[in-house]
Amino acid sequence: MNKAIYTEPRTFEKYDDKRYMVYLNEEIIPDYVPEVMQSEQVPEPITAYAYTGTEVDGGTLVETTSSDRDSLINGIIRSRYTQSEEDAIKTHQIELLRNSGIEKAADYEAEWIEFNAVREMAKSTVDGWLNL
C-alpha cells in the first residue's frame, strides 16, 4: 500500500474508459508542515489529507465505467472482493440461517462482518463524495 499527502481533499476521477481512481482511507492531518528545500522559508502549518491505496499517488484503481453512486460503491467493493468471493460469503450466510450449529459458523460470521464493514465504508465514502 502507498500513502500520499495532499493539501486539498481528493475524491475520485476518471482514469480511463473502464476505471476510476478513487482516494480511500482518508486521514486528516491538522497542522501539517510541508517539507521544504533548504533555500525555502518554512511554511505555515495547514490541514492536509493523506490517502492510502494501491497506486503510487495513494489512490486505488477501481473498475467502473460510471461515476454514479451504485457504480462507485460496486467498484470499491470489487477492489476488495471478486463477485465469486461475495457470492460465497452470501452463500455461507444462507447456510448459517439453515443450520447455525455448523462447524464453520464463527468463521462465516467473521467474514460477513468484515464484508459488511467494507460495504458500509464504500457507501459512506461515496455518499460523502456526492454530498448525499
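Throughout, read-outs are computed from the coordinates displayed, never taken from laboratory work. The model shown is predicted, which means the values in this text are computed figures rather than measured ones. FYI the Cβ positions are ideal-geometry reconstructions off the backbone, even for glycines, and counts take in every protein chain you see.
Things to note:
- Computed over neighbours whose Cβ is under 12 Å from that of I102, the net charge equals -2, Lys and Arg +1, Asp and Glu -1.
- Across segment 32-132, C-alpha contacts under 8 Å between residues 6 or more apart give a mean separation that, scaled by the residue count, equals a relative contact order of 19 percent.
- If R0 equals 35 Å, the separation of the Cβ atoms of V36 and E13 corresponds to a calculated FRET efficiency of about 0.80.
- Segment 1-63: translational diffusion in µm²/s, Stokes-Einstein, Kirkwood Rh over Cα pairs, 25 °C, 0.890 mPa s: 193 µm²/s
- Think of each Lys and Arg Cβ as +1 and each Asp and Glu Cβ as -1; about the Cα centre, that makes the dipole of the chain roughly 360 debye.
- Within segment 40-132, GluC sites (Glu not before Pro) in DSSP loop having at most 12 other beta-carbon neighbours inside 10 Å: E40, E103
- Full extension of the chain segment joining D87 with E109 gains 6.5 nm, where the gain is 0.36 nm per residue of separation less the Cα-Cα distance.
- Structure-derived volume of the Cα convex hull per residue in Å³: which label, when the choices are [x] 142; [y] 116; [z] 97: [x]
- For segment 22-66 versus segment 72-93, the spacing of their alpha-carbon centroids is 28 Å.
- Against the rule of thumb 2.2 N^0.38 Å, how large the Cα Rg of segment 66-132 comes out: 1.29
- Sum of side-chain charges, I29 neighbourhood, beta-carbon under 15 Å (Lys, Arg +1; Asp, Glu -1): -4
- The residues neighbouring K3, those whose beta-carbon lies less than 14 Å from its own, together hold a net charge of -3 under the Lys/Arg +1, Asp/Glu -1 convention.
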